[in-house]
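Here the structure comes first, spelled out in structure tokens, and everything after it is commentary.
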Amino acid sequence: MLSTFHLHIAGQVQGVGFRPFIWRLARVHGLNGWVNNTTDGVHVVFNAESPNAFRQAILQQAPTLARISEIHCETWPFQEFQDFQIVHSDASAQPNLPLTPDFALCADCRRELHDPNNRRFGYPFITCTNCGPRYSILTELPYDREHTSMAPFEQCPECRSEFENPEDRRYFSQTNSCPACGIRLEFRDAIGSVWPDPIGTALTWLRDGKILAIKGIGGFLLLCDATNASAIRTLRHRKHRPTKPFALLYPNAGMAAADTVLLDDDLHQLESPAAPIVLLEVNDAPPSGICVAEIAPGLAHIGIMLPYVPLLEVLAQGFGLPLVATSGNRSGSPIQFQDSGALTDLAEIADAFLLHNREIGIPQDDSVVRTSAAYRHRIVVRRSRGLAPPAPHLPACRQNMLALGASMKSTFAWRFGNNTYLSQYLGDLESFDTQQNFEHTLRHFLRLFREQPDGILTDKHPDYFSTRLGMRLAEEWQVAVTAVQHHHAHFAAVLAENRLLDHPEPVLGVIWDGTGLGDDGQIWGGEFFRRHAGNTERVGHIDYFDLIAGDKMAREPRLSALSLANHGSMDPNVLKSRFSAVEWGLYQRLLENGAPVQCSSMGRVFDGVAALLGLADKVSYEGEAAMLLEAAAYRHFRQHGLRSAPALLAVEWAQGGAVPVREIVADTYAKFQKTQSVGYAAAYFHSQLIALIAVAARRYGCPCIAFSGGVWQNALLTDLALEFLRPEFALYFHLEIPPNDEGVAFGQLAMCSS
């Protein structure tokens, strides 16, 4: 006997071809009824004797891009249906559903793009239900064409026929278009002249060594020939980016494999729907001819990506060699995503612009991931296009809470309904432009859900823009603000992501990063926490050293080295040649008097060791010294093996005392003086830190160890932890969220739920 059943399907089920999938599956099962999108997911109503077979088929055969979090089934009063239909979305209720990220070009669209007999041959905006922009073009919910930047583009008869044909791959594809009705390209030079044949002209200019600003899916990219050293140097000069590495766009995986160590898991990342930049070890003398010394000075790895949108596919295939592809912005500013802003801000960098007339609603940089060499542990370095804004599940917490994160590598997080959201990377909140972009993205996000938070979470640092914004919004919305200590948030983030907040055994948190305001008013960054029975306490930290010259210390690793040498086991005079006479006298007086603020920053310790080993006295980008130190150690371990530097603590650590980091630094420098090997000394330093963690875990009685903070972007340190700390300890790292400050907002929410 037939009954009527209702399925409510929650999760990432909009913008992934889910309704056409349900329609086709219903026909296979001989069911009548309907399916639609609403503001809380997908609803299916149908006649059947039992719902079980259909429900199971949905779970087993769902589209690749879908992420089902829940299917709720109930029996409805009987209704008789004559067929199965897709009905129009219901947008009347308040939205309560995950947001779908942008998806990379699928294999079917790529094949059609290069097929001379296909009507979309060479069309640089080809999409279907399996690929294309989603989050970046969304203006309202639910996800329908009229709620996106595709709304102005009326489909031609052929596209409309595809859109209305349930058997077609583009059935209900909200981004569907073609050369007859779709998006238009325009090539414009620096003086505003428009040139014919935009793609052909762009390729000619790239071959001539020019720099182009290309409007992509989440913002502008700056492109130039990666085999042309002069072009790369020009880009560095114009962008005021002297040494920070550039990402490369390769036309295909085969060329990338010839230039780098490309393993199967790396290839899987590159070709995934997220299609991030992947950091890969670069081979000696890459056959493509890329200028490695100009692209990633001093580093052992380069970031590469494959074309993830059809426009980049057409350009990359037409050019035939790797291209530098870096964010279209001025250094320190957010990525440009509007034509007007790009034409103004990038005019002194780009020689010409390749524009199109589809608006970008939400700016996004490219995501970045890396995988550790030995144990193949995946580390998300930057979480943006293709990965954001869906976030890992959080246990029950106060509903409708907004967390505004930190200052560096800013993000915001929102717990609303049954969903948790973590924004894309939004930059460092030190510049006015980035602050404006942060607030723009936040308000756009909240407008999508037609809601405002019931409470706000901020960092404890009162001078962070995100904290001040939280106070302002709290006053505007008349809600309460709760401050969460920076490193507690880091620890809560990795605990929540690994579902350890209620773990029955004690967990040691190794929370190492640059800086964060501590509960005692000092600057923390080398912390040990212990969580047990729902309580978290700070049980240890590296010994404090003077924070001198404020923010200048992060830009000049020699200052960290000097501070660590002061009152330590080494002679500070070994650093005297790194300073002018005036500087030396000034800093000696500062150290003699004692700095008013002390720090326990492991990030500054990495800087100091890098300076002592001659790798960097001054840096031009955040994390540069630590990256150079990791690269030097990596080269040593690659040649001699992970156990070539002993992971036994060589210094005394008194019970109840601070971690003797000064002695570790002095011991590392002594090894360098004895061996005259930067690589060995760098490797030794890394191994000493792992030995330190083992001592701490035993001392604090923790069989489990969780790691967070920007230092844990270091893939070598991660491999060493896995090599030396298992199986004695169970180890937990971040999985989908970066260990750096991008995860702080998520951790603030996790603190509210713990």
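The values are calculated or read from the model by the stated rules, or taken from the named source; none is laboratory data. As the structure is a computational prediction, the values presented were derived from the model and not from experiment. With ideal geometry, Cβ positions are generated from the backbone for all residues, glycine too; neighbour counts draw on all protein chains shown.
Taking the listed residues Ala650, Ala625, Ala706, Ala694, the one that is closer than 26 Å to Pro727 by Cα, outside the structural domain of Lys409 (by TED's automatic domain parsing) and touching an Asp or Glu at 6+ places or on another chain (Cβ under 7 Å) is Ala650, with no other qualifying. Mind listing just one residue for me: the one in region 107-123 that is part of a loop (DSSP other than H, G, I, E, B) and in contact (Cβ under 8 Å) with a residue 60 or more places away in the chain and, of those, surrounded by the most Cβ atoms within 10 Å (Cβ to Cβ)? Filtering first and then ranking leaves Tyr123.
Residues considered: Asn357, Asn400. Of these, the only one that is surrounded by fewer than 23 Cβ atoms within 10 Å (Cβ to Cβ), of a type in the set (S, T, N, Q), over 20 Å from Glu281 (Cβ atoms) and not assigned by TED's automatic domain parsing to the domain that holds Thr234 is Asn400. Tell me whether region 75-97 contains one or more residues that are buried (at least 20 other Cβ atoms within 10 Å of the Cβ), under 25 Å from Gln364 (Cβ atoms) and touching a Cys at 6+ places or on another chain (Cβ under 6 Å). Checked against the condition, which is being buried (at least 20 other Cβ atoms within 10 Å of the Cβ), under 25 Å from Gln364 (Cβ atoms) and touching a Cys at 6+ places or on another chain (Cβ under 6 Å), region 75-97 yields no hits at all. For the condition in contact (Cβ under 8 Å) with a residue 60 or more places away in the chain and in contact with a Ser or Thr (Cβ under 8 Å, 6 or more places away or on another chain), Ala681 qualifies. For residues that are surrounded by fewer than 19 Cβ atoms within 10 Å (Cβ to Cβ), part of a helix (DSSP H, G or I) and of a type outside the set (Gly, Ala, Ser), scanning just region 148-161, find the one that is nearest to the chain's Cα centre (by Cα). For region 148-161, the residue satisfying everything is Arg160.
When you check Asp513 against the structure, is it assigned by TED's automatic domain parsing to the domain that holds Asp546, assigned to a strand (DSSP E or B) and acidic (Asp, Glu), yes or no?
Details: assigned by TED's automatic domain parsing to the domain that holds Asp546: yes; assigned to a strand (DSSP E or B): yes; acidic (Asp, Glu): yes.
It is true that Asp513 is assigned by TED's automatic domain parsing to the domain that holds Asp546, assigned to a strand (DSSP E or B) and acidic (Asp, Glu).
The lone criterion from (1) touching a Leu at 6+ places or on another chain (Cβ under 9 Å); (2) closer than 14 Å to Gly747 by Cα; (3) not small (Gly, Ala, Ser) left unmet by Tyr464 is number (2).
When Glu728, Glu736 are screened for being more than 26 Å from Ala406 (Cβ to Cβ) and among the charged types (D, E, K, R), only Glu728 passes.
Of all residues assigned to region 505-515, at least one qualifies as being touching a Gly at 6+ places or on another chain (Cβ under 9 Å), surrounded by fewer than 19 Cβ atoms within 10 Å (Cβ to Cβ) and touching a residue at least 40 places away in the same chain (Cβ under 8 Å).
May I ask you to verify whether Gly641 is modelled with pLDDT of 95 or more and either among the small types (Gly, Ala, Ser) or over 19 Å from Ile542 (Cα atoms) (or both)? Full working, then the answer.
Working: modelled with pLDDT of 95 or more: yes; either among the small types (Gly, Ala, Ser) or over 19 Å from Ile542 (Cα atoms) (or both): yes.
Yes: the conditions hold for Gly641.
I'm trying to understand the selection: among the residues of region 114-127, which are over 14 Å from Arg170 (Cβ atoms) and under 32 Å from the mean Cα position of the chain (by Cα)? Passing the criteria: His114, Gly122, Pro124.
Examine region 474-492 for a residue that is small (Gly, Ala, Ser), under 27 Å from Glu652 (Cβ atoms), modelled with pLDDT of 95 or more and not in a loop (DSSP other than H, G, I, E, B), and state whether such a residue exists. Within region 474-492, not a single residue is small (Gly, Ala, Ser), under 27 Å from Glu652 (Cβ atoms), modelled with pLDDT of 95 or more and not in a loop (DSSP other than H, G, I, E, B).
Among Thr411, Thr326, Thr371, Thr420, which is of a type in the set (Ser, Thr, Tyr), at pLDDT below 95 and buried (at least 18 other Cβ atoms within 10 Å of the Cβ)?
Numbers: Thr411 fails: at pLDDT below 95; Thr326 fails: at pLDDT below 95; Thr371 fails: at pLDDT below 95.
Exactly one of Thr411, Thr326, Thr371, Thr420 is of a type in the set (Ser, Thr, Tyr), at pLDDT below 95 and buried (at least 18 other Cβ atoms within 10 Å of the Cβ), namely Thr420.
Based on this model, can you work out whether Ser677 counts as buried (at least 22 other Cβ atoms within 10 Å of the Cβ) and either among the polar types (S, T, N, Q) or outside the structural domain of Gly568 (by TED's automatic domain parsing) (or both)? Considered against the rule, which asks whether it is buried (at least 22 other Cβ atoms within 10 Å of the Cβ) and either among the polar types (S, T, N, Q) or outside the structural domain of Gly568 (by TED's automatic domain parsing) (or both), Ser677 comes out as no.
Out of the strands (runs of 3 or more DSSP E) lying entirely within region 402-466, which hold 2 or more residues that are over 20 Å from the mean Cα position of the chain (by Cα)? Show your work before the answer.
Numbers: elements: 413-416, 419-422, 455-459.
Strands (runs of 3 or more DSSP E) meeting the threshold: 455-459.
The set of residues in region 234-266 being surrounded by fewer than 16 Cβ atoms within 10 Å (Cβ to Cβ), within 24 Å of the chain's Cα centre (by Cα) and not polar (S, T, N, Q) consists of His240, Pro242, Ala253, Val261, Leu263, Asp264, Asp265. Just to confirm my filter: which helices (runs of 4 or more DSSP H) fall fully inside region 538-647 and include at least 2 residues that are more than 24 Å from Thr675 (Cα to Cα) and more than 31 Å from the chain's Cα centre (by Cα)? The helices (runs of 4 or more DSSP H) meeting that bar are 581-593.
Annotation: of all residues in region 533-551 being farther than 21 Å from Gln655 by Cα and of a type outside the set (A, V, I, L, M), the one that is surrounded by the most Cβ atoms within 10 Å (Cβ to Cβ) is Asp546. Screening region 305-397 for strands (runs of 3 or more DSSP E) wholly inside it with 2 or more residues that are more than 24 Å from the chain's Cα centre (by Cα) returns the ranges 352-356.
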